[in-house]
Every structure is written in C-alpha cells, then in structure tokens.
1. Going by how many other Cβ atoms sit within 10 Å of their own, how do 15, 32 line up, fewest first?
2. So what is the relative contact order of segment 4-58, in percent, for Cα pairs below 8 Å that sit 6 or more residues apart?
3. Please give the helix 4-13 orientation as an angle from the longest Cα principal axis of the chain, in degrees from 0 to 90, rounded to the nearest 10.
4. List the aspartates and glutamates whose Cα lies under 17 Å from the Cα of residue 52, skipping any in the same chain that are fewer than 8 positions away.
5. Please give the length that would be gained between residue 1 and residue 57 if that part of the chain were fully extended, namely 0.36 nm times their separation in residues minus their C-alpha to C-alpha distance (nm, one decimal).
6. Could you list log10 I(q)/I(0) for segment 4-58 at q = 0.19, 0.24, 0.26, 0.28 Å⁻¹, which the Debye formula gives when each Cα is one point scatterer?
7. Within the chain, report the GluC sites (Glu not before Pro) that DSSP leaves as loop and that have at most 15 other Cβ atoms within 10 Å.
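Read-outs: derived from the displayed coordinates by stated rules, not from any lab. In this text, all values refer to a predicted model and were calculated from it rather than measured experimentally. Note: ideal-geometry Cβ built from the backbone for every residue, glycine included; neighbour counts use all protein chains shown.
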Amino acid sequence: MKNKDIREALKVNGVKHWELADYLGIHENTFVRRLRKELPDTEKQRIFEAIKKLSKEEK
C-alpha cells in the first residue's frame, strides 16, 4: 500500500481524510487520488505537520 505512513498517522491521530484535505485547501477526492502514488518526502512532511496541527486542535 502506498503512503502507508500517512494513512497510519491519520488513523492514530483521529484525523479524517476530508479534514486534512480541507486544511490543505484541496478537495477530498484530490487528496485520496494523490495517495495512490508514493508522495515525495517534502510533501509528506507538509502533510505530517498538518496532521499534527489538526490533532492538537481536536483535543
């Protein structure tokens, strides 16, 4: 499975795909399609930072 680390981070932190996509300013479908291919490390880092921020907001 591609981008397994991102998918796991979303699950562990309780962040939904649509929440992350909204935060990134893209449509949920676009985000899910991007996950089909392995993302570059720079993009992954940006996503992990967003997940971290969103998980803190929920608490």
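1. On the way: 15 20, 32 12.
In order of increasing Cβ crowding within 10 Å: 32, 15.
2. On the way: 29 pairs, mean separation 26.4, N = 55.
For segment 4-58, the relative contact order is 48 percent.
3. Helix 4-13 and the main axis of the chain meet at about 10 degrees.
4. Cα-Cα hits under 17 Å: 5, 8, 19, 22, 41, 43.
5. Values: separation 56, 0.36 × 56 = 20.16 nm, distance 2.85 nm.
My answer for the length gained is 17.3 nm.
6. -0.58, -0.96, -1.15, -1.34
7. Working: sites: 8, 19, 28, 38, 43, 49, 57, 58; in loops: 38.
Those satisfying the criteria are 38.
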